[in-house]
Each structure stands twice: as structure tokens, then as C-alpha cells.
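K.L.:
My questions will all concern the structure given below.
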Amino acid sequence: MQDWSLTLDKLLDHAARWHGGREIVTRSVEGPVVRSTYADIHRRAKQVSHALLEAGVKPGDRVATMGWNSDRHLEAWYGAIGIGAVLHTLNPRLFPEQIVYIANHAGDEVLLADPACAPLLAEILPQCPTIRQVVFLSEAAPPTPFPALAYEAWIAGRPADTPWGGFDENAAAGLCYTSGTTGNPKGVLYGHRSNYLHAMMTLQPDALNLSARDTVLLIVPMYHANAWGVMYSAPMVGAKLVLPGQKLDGASLHELIEAEGVTYSAGVPTIWQMLLAHLKATKGKLTTLQRVTVGGSACPESIFRTLRDDYGVDVIHGWGMTETSPLATVSVPSPAIAGRSFEDQLPYKLKQGRLLCNLDLKLVDDAGRRLPHDGRTFGRLMIKGPTIASGYFRAEGGEVLDDEGFFDTGDVSTIDAEGYMQITDRAKDVIKSGGEWISSIDVENIAVAHPKAALCAVIGVVHPKWDERPVLLVQLKPGEQAGKQEFLDFLDGKIARWWMPDDVLFVDEIPLGATGKIDKKRLREGLTGYELPFDPNLRR
Ligand code: ADP
């Protein structure tokens, strides 16, 4: 067979040549919704490559972006990787000191940023000596105390024939830092080949199942977890892409879904909760949306039910992490499950799903011994494959693989006889009560189905007798009032007795981290000094 190296530039070449007229729609930083095509994106990405080469960027150098999902961001993305540079997506929602750490650790040289990031950049750039050029992803650059260029002027008039590719398929393409809920953020370096394989894996019918006929609304930020690979999978099949910019509120997303005929979307559960709240309040409809992939944190049952029953949308649960490119398991029906009623399928849909091809999974105990796949035994989830990190950028954190080459995900899960994996917790969030483990996620998901609850979180609090006991924190929907017992009654019968929270606390706000997940670190800090109501005679 012929030699055809799997480099990612070929994907946009393919989209431009064979799906050239397919649209890319963006809610622009300037405000209006703007339209371009794969052919336009390809031409302008080539112009970006020309500008980057002129700026002295060489293969392997890091080109950073800091921006929301947009056409210009996509052009910058391919403009950098096409010439062998490494595209480093910075998350503007992180704390400034984290961004400084990450940009310095990565050694970013050129930064392409949304104009809304200008005040943040004014604060951090003096501490980021490697960044030597800043370009704003906009028509005009905002006024700044540092020198900066405007993207449109930067690429205008440049040739659109800069050669791409020609490097090893194992060359690095992308760099993404995990948000670092423990310790410093760590960089995950993706290769051309690994991302190419990941895109092919995710396109399968039993994964994201995208096609040329789909219109994809990408809600997952391009700076988070490799944008679930959609920057590669959408061009690979020529799907229409809708990029929502910075406006991720329910009304703005709903408007785009209906106006653009979105058929498929992907995002974290909190986004869907916001959209559903908006739809309910406005009696809105979803007339084109067929299916959504929800992942990043466990998807509550209420989302599956409401999207299906009220809007006819199928919810597909997925699991992955920055280190796994990210998609690794997807909860689609196995042949044995497919013929069952929705109610009977639901327990499986709620699990994180079955493994994609090319990967291997195992469960181990604390001593690294394999555990059974019986759907009951909890263990550390370990994963292996060509789209799984073998270590972190600049060898941060040292050796991360076990003797068999498996990566420790830091997640605790079960795997059942049908091959469905279910996350029971993050290793650091699992509540260890009297030598047994309580899944904080399970209790949260049941509690959040309470009609008055907006968000719920369960954390372990030190207990004099049981080591740790669960406490439920509830953020009520606006205008609602509730008592502790109401929530305990709601949980009663739905969870094991000894999983019952020892206390229910109502909070104004459950803090979300930079990627929209519940920030348990901040919740725990907020509970410093809190003591559990303790009844020494209470038996569990
Ligand atoms: P960060 O670690 O910075 O939060 P990641 O996106 O890499 O960013 O997070 C990956 C983690 O998110 C996984 O290890 C897992 O704990 C959690 N996660 C991802 N998808 C799901 C899901 N469907 N259900 C439960 N947890 C999930």
C-alpha cells in the first residue's frame, strides 16, 4: 500500500476540496453571526501559516490561542499545526497565576487571543517572557498597554499556498493542560497520528456517529480537552459547524440551534441544564436537534428524561479526559440492551459506556491487582491505547504508566458483564465511610432530580467514628425554599441507608470550575470549620 502519513493538515485539505461549500457559522466577537465555508477556512488558515512562518515560528514551536469557539480560532488552529507548530489552547477562565504558569511551562511564542482577553493579557504578559507576539482574533485590536496586531490585517493579502505537512505523523500537534484540581496543571501533548486516529474512532456509529449531513453545534470550548476531537472529526466528514463564541447562555444557544438547523451537539451537563431551564421558561422547542453527547462530568438522569420526553432528543453519555484525547467510552446500546424499553435502557445510558476500538480498559485495586467486571466491584480505572497519554509534557509527574502500560485515570469505576463502564467517583472525591466507599456522584445525581434543586454536590466530611460521612450541598432554583428533611425524604429508598447524607446544607451558589464542573476543592474550603451533627448512638 502507499505511504500516507496521518497528519492532521490533510483533514482540512480534504474538507476544503470535497466539502468546500459546507458552512462554518460563528457568533463573532464583533456580535453578528457570520458565515464562511471549509474552503474559506482553509484559505485563511494557509494565510495564518504564512504569517506564522514570517514571525519565525518553526516546527515544534508552541503557538498559543486564548479564545472561544470561532472561525478565526479554527483557522489559527490549522494554520499552526499545518506547518508543524504545536497548537496550545489556553483556557481564559483559569486564574491569571495558573495561566502564567502554563504559558511559561509550555514556552508559548505567539499568542492569538480574543479581544475580550485584553485586560487579562495586560496583567499576565509582563510575567510571560517567551510570548513575543500577540495577535487579536478580531477585525480591530483593542487598545492595550502592550504591542499587539489585529488578525484581519495580519493575514490580509498573504498568499494562500503555504505548503503543509511533510513531517512525521508522530510529530506533536496540540498541547492542552488539565485544569489541575490537584497540584500544578500538567500538559498533555497530542500527536498528529494520535489525533487523526482519535477522530476516526469517534466518528464510528457507536461513538459520535457524525456525517456530512450533520450540523454540529460545538459547545465544548476549543480550549478544553482537545474540543472532544471535533476540530478534526467535523472536517473529516464535512459536517456543518456552528461555533457559539462566548455566548453560552440558554437563549443564545437555542437561537443558534433553531436558526442553523443543528442536528447534533456536545457539551457538559451544566450547559444542558441551562438550556433546559431556558426552554421551560420560554416554552421553546427544539425542532432539528436529534442527539447530544454529554460528558465531562456525570450526566444526571433528569437531563436524559427531559430531553427525550419533552424535546425528542437522544442523550448519549460519554467519558474521557484530557489525557485520553479525550473520548474513550460512549454509552450506546449493546445488542442485548437495544431491544429493551427506554426505562430498561436508562440504567445503561446513565453509565459512562462501552469502550471505543483501539483501546483497552482494566480495573485494579490499590495494589494494582485486576478486579472482576461484575458491575459491582469498584476499582481504579486504567486505560491503554494510541490515543492515551504515555506521560505529561516535559515529564512532569514522572512515570504514569503501570507495568502493563496502562494509564491511571484517577477515576474509580465498575465495569459490568455487558462491558459498560460506570464512574463511581474521582479517586479523590470518593467518600470513605467505615472502610466502605460511597459514590458522591450517585448521590448528587439523585438529589439534583429534586424539583427544587438547581445544583447539588456531595462531599465527604471528617467524622469521629466513620472516618468520613457525606454532606449534601444544595443550590435551590431561584425563588425556591426547602428544608433539610425534604431532601432526605427524597433520597430515602433511592440509595443505601448508609449512603444517606448526615447533613443537608443550602448554599447560594455551588461553585463551578473553569470547565463548568462542580469545584469540590472550593466547596471543601468553604466548609472549613464546619462540624457534622454527630449522634454517637445512631446506627447505620
Ligand atoms: P479536568 O481533569 O481538568 O477536570 P478533564 O476534562 O480532563 O479535565 O476531566 C476528566 C475527568 O472528568 C475524568 O477523569 C472524570 O473524572 C470526569 N468525567 C468525564 N466525563 C465524565 C462522565 N461522563 N461522567 C463522570 N465523570 C466524567
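The values are calculated or read from the model by the stated rules, or taken from the named source; none is laboratory data. Because the structure is predicted, anything quoted here is derived from the model rather than measured. Don't worry about glycine lacking a Cβ; one is built from the backbone with ideal geometry, like all the others, and counts go over all protein chains shown. Accessible surface is based on the protein model in full, side chains and every heavy atom, while ligands, DNA and RNA are left aside. Shrake-Rupley method; radii C 1.70, N 1.55, O 1.52, S 1.80 Å.
K.L.:
Treating the angle as unsigned and between 0 and 90°, give the value, to the nearest 10°, between the Cα long axis of helix 96-106 and the longest Cα principal axis of the chain.
P.N.:
60 degrees
K.L.:
Also: So what is the calculated 222 nm ellipticity per residue for the chain, using -39500 (n - 2.57) for each DSSP H run with n of 4 or more, over all residues, to the nearest 500 deg cm²/dmol?
P.N.:
Counting only the DSSP helices, I get -8000 deg cm²/dmol.
K.L.:
What is region 30-186 by shape, rounded, prolate or oblate, if you read a ≥ b ≥ c off the alpha carbon gyration tensor as root eigenvalues and call it rounded for a/c under 1.5, prolate for a/b larger than b/c, and oblate otherwise?
P.N.:
oblate
K.L.:
So for each of 301-314, 216-229, 343-356 I average, over its residues, the number of other beta carbons within 10 Å; can you give me the resulting order with the highest mean first?
P.N.:
Top of the packing list down: 216-229, 343-356, 301-314.
K.L.:
Something else about it: Any chance you could count the Lys pairs in region 431-526 whose alpha carbons are under 28 Å apart, treating pairs 8 or more apart or on different chains as valid?
P.N.:
Within region 431-526, the lysine pair count is 27.
K.L.:
Follow-up. With all protein chains present and a 1.4 Å probe, how do Ser233, Ser341 order by accessible area, largest first?
P.N.:
Solvent-accessible surface, decreasing: Ser341, Ser233.
K.L.:
Still on this structure, please answer the following. If N is the number of residues in the chain, what value comes out of its Cα radius of gyration divided by 2.2 N^0.38 Å?
P.N.:
Here the answer is 0.97, to two decimals.
K.L.:
Follow-up question, since we're still on this one. Where a Cα-Cα gap under 15 Å defines reach, which aspartates and glutamates qualify for Lys362, not counting those fewer than 8 residues away within the same chain?
P.N.:
By straight Cα distance, Lys362 reaches Asp374, Asp402, Asp403, Glu404, Asp408, Asp411, Asp416, Glu418.
K.L.:
Would you grab the residues whose amide H sits under 5 Å from the one on Asp425? Only those 5+ places off in sequence or on another chain, please, with H modelled 1.01 Å from N.
P.N.:
Val412
K.L.:
Where nothing but the Cβ of Lys and Arg (+1) and of Asp and Glu (-1) is charged, how large is the charge dipole of region 32-144 around its Cα centre, in debye to the nearest 20?
P.N.:
That gives region 32-144 a dipole magnitude of about 260 debye.
K.L.:
Still on this structure, please answer the following. For a test of the definition: using alpha carbon positions, the gyration tensor, and the 1.5 limit on a/c, classify region 52-103 as rounded, prolate or oblate.
P.N.:
Oblate is the answer for region 52-103, as a/c is 1.5 or above yet b/c matches or exceeds a/b.
K.L.:
Calculate, for the chain, the solvent-accessible area per residue in square angstrom, rolling a 1.4 angstrom probe over the heavy atoms of the protein chains.
P.N.:
41 Å²
K.L.:
Non-local amide H neighbours of Leu8 (under 5 Å, H modeled in plane, Pro and chain starts lacking H): which ones?
P.N.:
Here the answer is none, since no amide H 5 or more places off falls under 5 Å of that of Leu8.
K.L.:
Let me ask something else about it. By how many degrees, 0 to 90 and rounded to 10, does the Cα axis of helix 9-18 deviate from the longest principal axis of the chain?
P.N.:
Orientation of helix 9-18: about 80 degrees from the principal axis.
K.L.:
Grab the beta carbon distance between Glu30 and Lys452, set R0 = 45 Å, and tell me the FRET efficiency rounded to 0.05.
P.N.:
With R0 = 45 Å, the Cβ-Cβ based efficiency is 0.65.
K.L.:
Could the peptides 495-505, 87-97 be put in order, highest first, of the mean number of other beta-carbon atoms found within 10 Å of their residues?
P.N.:
Top of the packing list down: 87-97, 495-505.
K.L.:
Let me ask you something else. Just order 64-70, 396-402, 464-470 by mean Cβ neighbour count inside 10 Å, highest at the front, would you?
P.N.:
Result, highest mean Cβ count within 10 Å first: 64-70, 464-470, 396-402.
K.L.:
Where both partners of a DSSP beta bridge lie in the chain, what percent of those bridges are antiparallel, to the nearest 5?
P.N.:
55 percent
K.L.:
First measure r as the distance between the Cβ atoms of Asp344 and Gln127, then evaluate 1/(1 + (r/R0)^6) with R0 = 56 Å and state the FRET efficiency to the nearest 0.05.
P.N.:
Plugging the Cβ-Cβ distance into 1/(1 + (r/R0)^6) gives 0.50.
K.L.:
Under 5 Å between amide hydrogens, which residues at least 5 positions from Tyr177 or on another chain qualify, with H placed 1.01 Å from N in the peptide plane?
P.N.:
The answer is Val188.
K.L.:
Which of the three applies to region 431-526, rounded, prolate or oblate, going by the alpha-carbon gyration tensor with a ≥ b ≥ c and a/c under 1.5 meaning rounded?
P.N.:
Cα axes put region 431-526 in the oblate bin.
K.L.:
If I fit a long axis through the Cα atoms of helix 71-82 and take the longest principal axis of the Cα atoms of the chain, what angle between them do I get, 0 to 90°, rounded to 10?
P.N.:
Relative to the chain, helix 71-82 is tipped by roughly 70 degrees.
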